[in-house]
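Data block below; observations after.
The values are calculated or read from the model by the stated rules, or taken from the named source; none is laboratory data. It should be emphasised that the depicted structure is a prediction, and the values quoted were computed from it without experimental measurement. FYI the Cβ positions are ideal-geometry reconstructions off the backbone, even for glycines, and counts take in every protein chain you see.
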Amino acid sequence: MTPSRDIFTPTKKIQAAERILSAYLKIATKQYLSIHPATIKTVPGPKPDHTYTLYAHVPFCESLCPYCSFNRFVLNRDKARRYFNSLRDEMRIVAGLGYQFSSLYLGGGTPTILPEELIATIDLARELFGIQEVSCETNPNHLNSEMIAILKDRVQRLSVGVQSFDDQLLKQMNRYEKFGSGSTILENIRLAAPHFKSLNVDMIFNFPSQTPEILRQDIQQVIASGAQQVTFYPLMTSPSVSRSMKKSIGELEPEREAAYYHIINEGLAKDFVPLSAWTYARGNSSLIDEYIVDSEEYVAVGSGSFSYLDGNLYASTFSLNEYEQRVQAGEMAISGMQHFSPYQQMRYRMMMDMFGLKFDREAFEKRFGIPVHRGLSMEMAFFNLLGAFSKHDASIPSPVGRYLSLVIMREFFTGVNNVRDIARASLNPSDIAECLA
């Protein structure tokens, strides 16, 4: 069944539910994402008949954006080349465990920061794992003829971090000088879009100084860009980023989020259909924005990355020096882990399925041995009360369900950002200096 094009309407009831849900999830994610120190050398090997996705993290940027919580460092070319070598060595360690992957997702940072190293990494992944589909993040200033020629036969889905086409917002985000004006970025996307199976434009909504009119103009620019896909993320921060962001772009206003989400769905309705709670596609583009939705379990390589396998979350060290040393010793650089209880695993699966707009209740029961209305009785009562599922197909979230899924994922990723804050706080002074450079 095709996801509904019905428009989400932010009623007072839904806005009250969002406040309750957000408050509860802030507490719950602290419990679920309390990573404990670990000394294991690798993640466990693959299980028969399981499908896994490979994620690779490249933590280098030309400069650092004030709202970003990901593990990232200002580019040092020599250090970045050593890092890419270690990243490929860690891939070899994962291959030695017996893993095969059909898809690879390269995130950052900016994976395209050193094109020749990126090429070597993609080509090795294909050789080691039989990769068929590659997704890669990039920045607007890398959308030039040379980069397109390098990537078009290696990358099926290219995701471009735009955030906004509004020049004043770009200046507030410290992106205008780096990546050009909104009109320049728009032309770069038009140049690149025809060369990829899916070109996704990453946007952010609910910036403090973003008005409804600016958001509507951004939507029109997305439609005019020729991009096959767009992702509108709600602004998500961590405590440390919130403090620095407040000085540069202002303080977050959560109460506007639902109204802005309505504007997005209304503005995209004629040209795009939803693939997830915050990703929309036109035409036949079906490559979803989040690798954690495509596959229930995933293996991650790179500093500051997370793997999820058999109910366990594994975190890699945020220290570039430790990462290089551990990989040179023939180990993955795992520094912490968290085990999810069966109940937590059920919640995680439901969260991902609803976010991906297809909650297969029969598959849920087969996976966990219990019907969802019994395994997650409180959650199902909450969602049913709010009308979170389509009246025509109970596996499809309604427009309300899509928004609640966005709220859940926003709080989940905010929780992950908090974990990143804690990991950075434990770095030694030399690593911290690199992170803040």
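With respect to (1) under 30 Å from Phe179 (Cβ atoms); (2) assigned to a loop (DSSP other than H, G, I, E, B), the lone exception for Ile40 is condition (1). Restricting attention to region 360-380, the residues that are part of a loop (DSSP other than H, G, I, E, B) and modelled with pLDDT of 95 or more add up to 4. Picking from residues in region 25-49 that are at pLDDT 90 or above and under 22 Å from the mean Cα position of the chain (by Cα), the one that is farthest from Cys136 (Cα to Cα) is Leu25. Listed by first and then second residue, the pairs linking a residue in region 362-378 that is over 10 Å from Met346 (Cβ atoms) to a residue that is in a helix (DSSP H, G or I), with Cβ atoms under 6 Å apart and 6 or more places separating them unless they lie on different chains, are Pro371/Glu365; His373/Met380.
Residues in region 168-217 that are among the β-branched types (Val, Ile, Thr) and part of a helix (DSSP H, G or I): Thr184, Ile185, Ile189, Ile214.
When region 112-165 is examined, which residues are found to be β-branched (Val, Ile, Thr) and either touching a helix residue (DSSP H, G or I) at 6+ places or on another chain (Cβ under 8 Å) or buried (at least 23 other Cβ atoms within 10 Å of the Cβ) (or both)? Before you say what the answer is, go through the steps one by one.
Start the filter on region 112-165 by keeping residues that are β-branched (Val, Ile, Thr), which leaves 112-113, 119, 121-122, 131, 134, 138, 148, 150, 155, 160, 162.
Hits for region 112-165 are Thr112, Ile113, Ile119, Thr121, Ile131, Val134, Thr138, Ile148, Ile150, Val155, Val160, Val162.
So that you can scan it fast, the table gives a plain yes or no per residue for (1) assigned by TED's automatic domain parsing to the domain that holds Gly96; (2) over 20 Å from the mean Cα position of the chain (by Cα); (3) more than 19 Å from Ser225 (Cβ to Cβ); (4) of a type in the set (A, V, I, L, M):
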{"residue": "Gly130", "(1), (2), (3), (4)": "yes, yes, yes, no"}
{"residue": "Glu133", "(1), (2), (3), (4)": "yes, no, yes, no"}
{"residue": "Met147", "(1), (2), (3), (4)": "yes, yes, no, yes"}
{"residue": "Asp153", "(1), (2), (3), (4)": "yes, yes, yes, no"}
{"residue": "Gln168", "(1), (2), (3), (4)": "yes, yes, yes, no"}
{"residue": "Asn174", "(1), (2), (3), (4)": "yes, yes, yes, no"}
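Confirm whether Arg256 is modelled with pLDDT under 95, over 21 Å from Lys171 (Cα atoms), of a type outside the set (Val, Ile, Thr) and not in a loop (DSSP other than H, G, I, E, B). Don't jump to the end; show me each part of the working.
Working: modelled with pLDDT under 95: yes; over 21 Å from Lys171 (Cα atoms): yes; of a type outside the set (Val, Ile, Thr): yes; not in a loop (DSSP other than H, G, I, E, B): yes.
Yes: the conditions hold for Arg256.
Could you tell me which of the residues Ala394, Ala388 is touching a Gly at 6+ places or on another chain (Cβ under 6 Å) and in contact (Cβ under 8 Å) with a residue 12 or more places away in the chain? Talk me through it step by step, then tell me what you get.
On the way: Ala394 fails: touching a Gly at 6+ places or on another chain (Cβ under 6 Å).
Exactly one of Ala394, Ala388 is touching a Gly at 6+ places or on another chain (Cβ under 6 Å) and in contact (Cβ under 8 Å) with a residue 12 or more places away in the chain, namely Ala388.
Contact annotation: residue pairs with Cβ atoms under 6 Å, 6 or more positions apart or on different chains, pairing a residue in region 183-194 that is in the same structural domain as Gln228 (by TED's automatic domain parsing) and under 13 Å from Thr138 (Cβ atoms) with a partner that is in a helix (DSSP H, G or I) and of a type in the set (Gly, Ala, Ser), are Ile189/Ser225.
Taking the criterion of being hydrophobic (A, V, I, L, M, F, W, C) and either modelled with pLDDT under 95 or surrounded by fewer than 16 Cβ atoms within 10 Å (Cβ to Cβ) (or both), would at least one residue in region 213-221 satisfy it?
Going through region 213-221, the residues hydrophobic (A, V, I, L, M, F, W, C) turn out to be 214-215, 219.
After this cut, where a residue has to be either modelled with pLDDT under 95 or surrounded by fewer than 16 Cβ atoms within 10 Å (Cβ to Cβ) (or both) as well, the list is none.
No, that holds for no residue.
The number of residues in region 85-99 being outside any loop (DSSP other than H, G, I, E, B) and surrounded by fewer than 22 Cβ atoms within 10 Å (Cβ to Cβ) comes to 8.
The set of residues in region 321-362 being of a type in the set (Ser, Thr, Tyr) and either touching a Lys or Arg at 6+ places or on another chain (Cβ under 7 Å) or surrounded by fewer than 15 Cβ atoms within 10 Å (Cβ to Cβ) (or both) consists of Ser341, Tyr343. Residue-level check: of (1) more than 17 Å from Gly109 (Cα to Cα); (2) in contact (Cβ under 8 Å) with a residue 40 or more places away in the chain; (3) part of a loop (DSSP other than H, G, I, E, B), Ile148 misses just (3).
For Ser209, the test of being buried (at least 20 other Cβ atoms within 10 Å of the Cβ), of a type outside the set (Phe, Trp, Tyr) and assigned by TED's automatic domain parsing to the domain that holds Ala277 is failed. Do we have any residue at all in region 62-70 that's surrounded by 13 or more Cβ atoms within 10 Å (Cβ to Cβ), modelled with pLDDT of 90 or more and not hydroxyl-bearing (Ser, Thr, Tyr)? Scanning region 62-70 turns up no residue that is surrounded by 13 or more Cβ atoms within 10 Å (Cβ to Cβ), modelled with pLDDT of 90 or more and not hydroxyl-bearing (Ser, Thr, Tyr). Tallying residues that are within 17 Å of Pro140 (Cβ to Cβ) and outside any loop (DSSP other than H, G, I, E, B) within region 218-231 yields 8.
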